[in-house]
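Beneath this line is the structure, given in structure tokens, with notes to follow.
What follows is calculated from the coordinates using simple rules that are stated; it is not laboratory data. Nothing here was measured: the structure is a model prediction, and the numbers come from that model. Note: ideal-geometry Cβ built from the backbone for every residue, glycine included; neighbour counts use all protein chains shown.
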Amino acid sequence: MKSKRIHILCECGVMVALAVALSLVSKALLEPLLKPLFPFGGSVTLFSMLPICFLSIRRGIGWGTVAAFCFSWFQILEGGVFAWGLTPGMLIASLLLDYILAFTVLGLAGLFRHRGRSGMLLGIVLVCLLRFAIHFLAGILLWANFAEFIAFGQTWINRPVLYSLVYNGGYMLPETLLTVVGAVLLLRMKQFQRLVEGNSAARG
């Protein structure tokens, strides 16, 4: 039992490291193009959410949530939120909504894992939508009328719903599409599908 737990912990570490690596590489490649569009956070990455999602599918939402929570702290350190000059209240709210909650929900991707490939894809789509919903809520509550974070000009002042929908949807829509396409392609490979599904012993 102890050896199994150690094995799963190692697997979690590998998947978090892979997610971090994909995030860093993607941002290095795409940030010059996307930074002018999303100057206050948010980016499109190449499949960085998939390792956490597949871990949740293989090992269950408990372990998936643990890994996703660890991944959220990398996002905090990499996101530069501490350099934005926020009030203590806004800083805490941003850490909770835009980072910890938004990325920890990725651990729920395995919610429908026992329903086969369609359940796996459903879980991945669900967590992408949940992540968008949390960013959307944060945009309305925190950023929409914060002077230093008004994007795209004065047009967006006092229009928090539209502001948050356009800003957060602008990067979450392509991020979701890339994640789902990547999942579909990988799950079409029988060897990979067996690896993700694991066996009865791997479902603990």
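Tabulated results
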| read-out | value |
| --- | --- |
| Net charge of Cβ neighbours under 14 Å - reference residue 118; Lys, Arg +1; Asp, Glu -1 | +3 |
| Cut-off 12 Å between beta-carbons: net charge of the residues surrounding residue 12, Lys and Arg +1, Asp and Glu -1 | +2 |
